[in-house]
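Peer 1: Below is the structure I would like to discuss, written out as structure tokens.
The values are calculated or read from the model by the stated rules, or taken from the named source; none is laboratory data. All values derive from a computational prediction rather than experimental measurement. FYI the Cβ positions are ideal-geometry reconstructions off the backbone, even for glycines, and counts take in every protein chain you see. We work out accessible area using only protein heavy atoms, side chains counted, and drop any ligands, DNA or RNA first. Shrake-Rupley method; radii C 1.70, N 1.55, O 1.52, S 1.80 Å.
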Amino acid sequence: APPELPGKTFFVDDNDDKVLSMREVVVDVGEGQVLRSEFVCPITHELIRSPVIAADGYTYDRNAIERWLLDHDTSPKTGERLEQKVLVPNHNLKSLVEDLVDEGGDGLYTKTKEASTTTWPSSSPKTLLSEPILLLQCLGPVESEWNGRTFEVSSDGVVGGRRRPGGVGDQRLVFDQDQKRDFMPFAEATVSRRHFEITFDDGHFVLADLGSASGTFHRLRPNADADLAVGSRLMIGRHQLKVNRPRRQRTLPEQRKRPVVVRGPQTPQQPKRRPQPQPQPKPNRRHRRGPVVGDDDAPSSGDDDAPEGLVLECFAPEGSPLQSGVFAVDGPLTTLGRRLSNTIAFSQDVDGQPLGVDSSISAEHARILRRPDGSFAIRDGPNDHRPSTNGTWIRLADKRADSSPHRQRTLISGDEFLVGTIRFLVTVTDKLVEL
């Protein structure tokens, strides 16, 4: 249980030992006292919440300076042209502010020069609130306008989607007037208009998909399992696979040539034969590793004679030699990777030589484990000490889905997620707000 201390409300992330706290500090501000200039953002003229240093050497609030740099290449302080737009976190200033707050907050304020000649109101209390925030740092691709930028998510939450017609720059639009959530705009056509949302609930930042077309993906954490069930979707490299039940085994040509088994009392003149299934035309497929199970157009098995286990159906990317491949997952361990020794190998035979079909897949990329209760889970890497290079990703189902085990994900520092193809790194921290 979280510690109970006076004046603090604690939020605990089940997947992280770090305790996130939201606390109030009441500072009794005297006559003529204002915030010291080094703690004031030159853009907002308010207390700096997330201090970063720009190329001009001045410190700004991260959210304010990033919005400024979208439409300007000059310093908001001096007006001179900036050599570059890289922002560096000012850890020293952040630590100083936190220390002053711990000491009561008086050190944040100073008396103005006019205080000796001006009649000021009697001392009034100021409330400083420290609250959790989420920083989303874009890791690429380089052609994305978000590349290298960081978006700040407050406890009010955010909705992300394709920029609305008529939107200007990175203008934060209120998506839900009642909930006062920010709107995170994207220019990419692969991003849906209402793609994802992040909410703050019971002390956790929670990521959910809003029924997007290209998907929202969460990267598996090191040594963490993700349940696999019918309908689950995962991405390894550029390849996406859907989990389904095995389909009824199709009748092979050599099986159709066997004598028909006659059951029950029969007369020689009129033997009763079991109706034979008509062969269905199938499209030609290239060679692939991994067993192909059943007909793609056969009904999903709820039959008693259906084989146990699961299958992975490859449906993307378009044009891959593995597209439409169906791979059985029924043993205690199923390995996935580029190397031919894997149970499911992302390679093909070219003139007798194995050739990988996806360079972003590691030689030994992931493994699927069958638990004692018969359920399945996927884990990244060939073992707990060797993660894959580019990760194993789980696609989040529409939050309105009732049965999917992957409707939402709690976010902690170090997590990564994809909005379509745009990749973000998550950092959970806090900021100080003067109320």
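Peer 1: Residues in the range 346-364: is at least one closer than 20 Å to PRO246 by Cβ and open to solvent by 70 Å² or more (accessible area, probe 1.4 Å)?
Peer 2: No, there is no match, as no residue in the range 346-364 is closer than 20 Å to PRO246 by Cβ and open to solvent by 70 Å² or more (accessible area, probe 1.4 Å).
Peer 1: Now, a different point. So GLU416 fits all but one of (1) among the acidic types (Asp, Glu); (2) modelled with pLDDT under 95; (3) surrounded by 18 or more Cβ atoms within 10 Å (Cβ to Cβ); what number is the exception?
Peer 2: (2)
Peer 1: Just give me the residues in the range 375-385 being among the charged types (D, E, K, R) and surrounded by 21 or more Cβ atoms within 10 Å (Cβ to Cβ), in sequence order.
Peer 2: Residue satisfying the conditions is ASP380 alone.
Peer 1: List pairs: first in the range 337-366 and farther than 19 Å from GLU313 by Cα and free of Cβ contacts under 8 Å to residues at least 24 places away in the same chain, second open to solvent by 70 Å² or more (accessible area, probe 1.4 Å) and assigned to a strand (DSSP E or B), Cβ under 9 Å, 6+ apart or cross-chain?
Peer 2: From residues that are farther than 19 Å from GLU313 by Cα and free of Cβ contacts under 8 Å to residues at least 24 places away in the same chain, the pairs are LEU355/ASP349.
Peer 1: Inside the range 120-157, can you point out the residues that are under 19 Å from THR429 (Cβ atoms), part of a strand (DSSP E or B) and modelled with pLDDT of 85 or more?
Peer 2: Selection gives PRO132, ILE133, LEU134, LEU135, LEU136, GLN137, CYS138, LEU139, THR150, PHE151, GLU152, VAL153.
Peer 1: Right, next: Looking at this structure, is ARG219 under 13 Å from the mean Cα position of the chain (by Cα), open to solvent by 20 Å² or more (accessible area, probe 1.4 Å) and of a type outside the set (S, T, N, Q)?
Peer 2: Working: under 13 Å from the mean Cα position of the chain (by Cα): yes; open to solvent by 20 Å² or more (accessible area, probe 1.4 Å): yes; of a type outside the set (S, T, N, Q): yes.
The answer is yes for ARG219.
Peer 1: Being more than 30 Å from ASP227 (Cβ to Cβ) and either modelled with pLDDT of 85 or more or open to solvent by less than 70 Å² (accessible area, probe 1.4 Å) (or both) narrows it down to one residue among PRO307, PRO271, PRO275; which is it?
Peer 2: On the way: PRO307 fails: more than 30 Å from ASP227 (Cβ to Cβ); PRO275 fails: either modelled with pLDDT of 85 or more or open to solvent by less than 70 Å² (accessible area, probe 1.4 Å) (or both).
Only one candidate passes the filter, namely PRO271.
Peer 1: Evaluate the range 93-111: report whether one residue or more is among the aromatic types (Phe, Trp, Tyr) and open to solvent by 80 Å² or more (accessible area, probe 1.4 Å).
Peer 2: No, the range 93-111 contains no residue that is among the aromatic types (Phe, Trp, Tyr) and open to solvent by 80 Å² or more (accessible area, probe 1.4 Å).
Peer 1: Within the range 386-411, take every residue that is surrounded by fewer than 17 Cβ atoms within 10 Å (Cβ to Cβ) and under 19 Å from ILE236 (Cβ atoms) and give me the one that is modelled with the lowest pLDDT.
Peer 2: PRO405
Peer 1: A further question follows. Consider only pairs whose beta carbons are under 7 Å apart and that are at least six residues apart or on different chains; among these, list those whose first residue lies in the range 198-209 and is closer than 17 Å to ILE394 by Cβ and whose second residue is surrounded by fewer than 19 Cβ atoms within 10 Å (Cβ to Cβ) and hydrophobic (A, V, I, L, M, F, W, C).
Peer 2: ILE198/VAL206
Peer 1: Sticking with this structure for a sec: Considering only residues of the range 36-92 that are open to solvent by 30 Å² or more (accessible area, probe 1.4 Å) and among the aromatic types (Phe, Trp, Tyr), which is farthest from ASN147 (Cα to Cα)?
Peer 2: TYR58
Peer 1: What are the residues in the range 314-348 that are β-branched (Val, Ile, Thr) and outside any loop (DSSP other than H, G, I, E, B), if any? Walk me through how you get there before you give the answer.
Peer 2: As a first pass, look at the range 314-348 and keep what is β-branched (Val, Ile, Thr): 326, 329, 334-335, 343-344.
Once the filter is applied, which keeps residues that are β-branched (Val, Ile, Thr) and outside any loop (DSSP other than H, G, I, E, B), the range 314-348 yields VAL326, VAL329, THR334, THR335, ILE344.
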